[in-house]
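For reference, the structure is listed below as structure tokens.
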Number of protein chains: 2
Amino acid sequence: MNDHHDALDKLIKYFKNFFPLNEKERNELSTRFIERKVKRRALILQQGEVCRHFTFIVKGCLKMYAVDKSGKEHNLQFGAENDWITDLSSFYSEKPSSVYIETMEPSVMLQIKHPDLLHLYTNYHKFDRNFRIIIEQKYIELQNRVLQNISSTANERYLSFLEHYPNLSNRLPNTQVASYLGITPEFLSKIRKDLTQNH
Amino acid sequence: MNDHHDALDKLIKYFKNFFPLNEKERNELSTRFIERKVKRRALILQQGEVCRHFTFIVKGCLKMYAVDKSGKEHNLQFGAENDWITDLSSFYSEKPSSVYIETMEPSVMLQIKHPDLLHLYTNYHKFDRNFRIIIEQKYIELQNRVLQNISSTANERYLSFLEHYPNLSNRLPNTQVASYLGITPEFLSKIRKDLTQNH
DNA sequence: AAATATCCTTAATCTAGTTCAAGCGTCAAT
DNA sequence: ATTGACGCTTGAACTAGATTAAGGATATTT
């Protein structure tokens, strides 16, 4: 009944939303996934490094961001409990990543390495299946975000963010939300002021 | 040696980039995928309709777009030879789609219906595997596009589009490219003028 | 408890991108 | 041959959002 057990239970429970795992598959999880606890502001992945882990978030909150030539950070993705975070491109290609992954709260994760995940894929149809479904869901989310970006104002995008990620929006500093929306913190502040005044 | 055969050959060849299919799997393709030829400006999917097909593009060029309240079209995705186009969300949920899919050239497609694709997934590990990889690649592309959208100017996004999709950019009218980039055709025209003048 | 980051807001100025309107070239259909 | 529909461009006026700079509020660290 130790922490590792708790974390794994959370992952097993998570997979029940898809095609639930049998005992053998659950055992594989427990040997292949490694628990990791980190404090706030820990860098899980740095630009230039190969992304070695596919990460399931048991507790806490992380962000994935790119840094442009002028040094500005741009948040590509947030992740919290029961979500995955990884630089897919670097993870599969085993080439240096162009992004950072960093905790925004003290966090507990379960991580699997490339060869271990390939082992699961190769030997268990169900893992290929479940990860296909997971990525499909994340693809749909991302496509909605693209649509927002090309068709909506910053104001509309902010409202949509509040609607879709209510639990994230009250956990994160607004500077981080602004970076995710692709606007400056100053402009987000203006948007928020307008919203409170006109309602 | 008919056309259907040619189209299927193209799909089989496509799968060689992933985990190549054995004879039984190839046979399944030939019975489950249906060839469809359409002229220019044909609507493959309309808003409000359930997306019934997962579509492989053998020849031609298609776009997927959403229409906002003011009637403006916003291009979410283009697809050409050896690419897939589908409203994933509607296809899997079997709920009405919020987007349109339309040919921009006379096109040849291979389409599979939901139950048939599920049949492939359920009975052949390899299809779950291959479609996982396909979606992962498209996820990475989409993530790069999000990064562009939140961090780059219209000018930079246009240059990046030219670089990544040179074959599409000379096939499409600029109005369509502008809609994909999230800017007006007028502003794209201005960008293009600046580019030719300053180089 | 002080000290230092980090975060949030406001306001003035500036710029990237939109809107509206018009004109022109091209291509497909009658 | 002529008519449209469509695509491309230009310019003037406008607006969403960035930039810069400053001050105050909250946390976090020492």
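The values are calculated or read from the model by the stated rules, or taken from the named source; none is laboratory data. Model, not experiment: these values are computed from the prediction. Cβ atoms come from the backbone with ideal geometry, glycine included; neighbour counts cover every protein chain shown. Accessible surface areas use protein heavy atoms only, side chains included; no ligands, DNA or RNA. Shrake-Rupley method; radii C 1.70, N 1.55, O 1.52, S 1.80 Å.
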Problem - Residue pairs meeting the criteria (Cβ under 8 Å; at least 6 apart or on separate chains; first part of a loop (DSSP other than H, G, I, E, B), in the stretch B:32-48; second open to solvent by 80 Å² or more (accessible area, probe 1.4 Å)) - result: B:Lys39/B:Pro106; B:Arg40/B:Pro106; B:Gln47/B:Pro96; B:Gly48/B:Pro96
Fill in the blank from the handout: By residue number, the members of the stretch A:83-107 that are part of a strand (DSSP E or B), open to solvent by 10 Å² or more (accessible area, probe 1.4 Å) and more than 14 Å from chain B (Cβ to nearest Cβ) are A:Pro96, A:Glu102
Practice task
Can you tell me which residue within the stretch A:36-50, out of those that are more than 16 Å from DNA strand D (Cβ to nearest atom) and more than 26 Å from A:Phe15 (Cα to Cα), is least open to solvent (accessible area, probe 1.4 Å)?
Solution key: A:Val50
Completion exercise
Given the conditions (1) within 12 Å of DNA strand C (Cβ to nearest atom); (2) open to solvent by 30 Å² or more (accessible area, probe 1.4 Å), every one holds for B:Asn174 apart from (1)
Handout entry: Unmet criterion (only one of (1) open to solvent by less than 30 Å² (accessible area, probe 1.4 Å); (2) farther than 18 Å from B:Phe33 by Cα; (3) assigned to a helix (DSSP H, G or I); (4) among the hydrophobic types (A, V, I, L, M, F, W, C)) for B:Ile134
Key = (2)
Completion exercise
Residue count, the stretch A:153-178, condition within 27 Å of B:Val99 (Cα to Cα), within 12 Å of DNA strand D (Cβ to nearest atom) and in contact with a Leu (Cβ under 9 Å, 6 or more places away or on another chain), comes to 5
Problem - Enumeration of residues in the stretch B:51-82 that are farther than 21 Å from B:Lys113 by Cβ, away from chain A (no Cβ under 14 Å) and open to solvent by less than 50 Å² (accessible area, probe 1.4 Å) - result: B:Cys61, B:Ala80
Practice task
Within the stretch A:137-152, work out how many residues are within 16 Å of DNA strand D (Cβ to nearest atom) and either facing another protein chain (nearest Cβ under 7 Å) or part of a helix (DSSP H, G or I) (or both).
Solution key: 7
Practice task
Among the candidates A:Leu110, A:Leu120, single out the residue that is crowded, with 19+ Cβ neighbours inside 10 Å, in a helix (DSSP H, G or I) and either away from chain B (no Cβ under 12 Å) or more than 19 Å from the chain's Cα centre (by Cα) (or both).
Solution key: A:Leu120
Practice task
Filter the stretch A:177-199 down to residues that are more than 13 Å from chain B (Cβ to nearest Cβ) and assigned to a loop (DSSP other than H, G, I, E, B) and give me whichever is farthest from DNA strand C (Cβ to nearest atom).
Solution key: A:His199
Exercise for the section: Please give the number of the condition B:Ala154 fails out of (1) aliphatic (A, V, I, L, M); (2) open to solvent by 20 Å² or more (accessible area, probe 1.4 Å); (3) closer than 20 Å to A:Ser151 by Cβ. Expected result: (2)
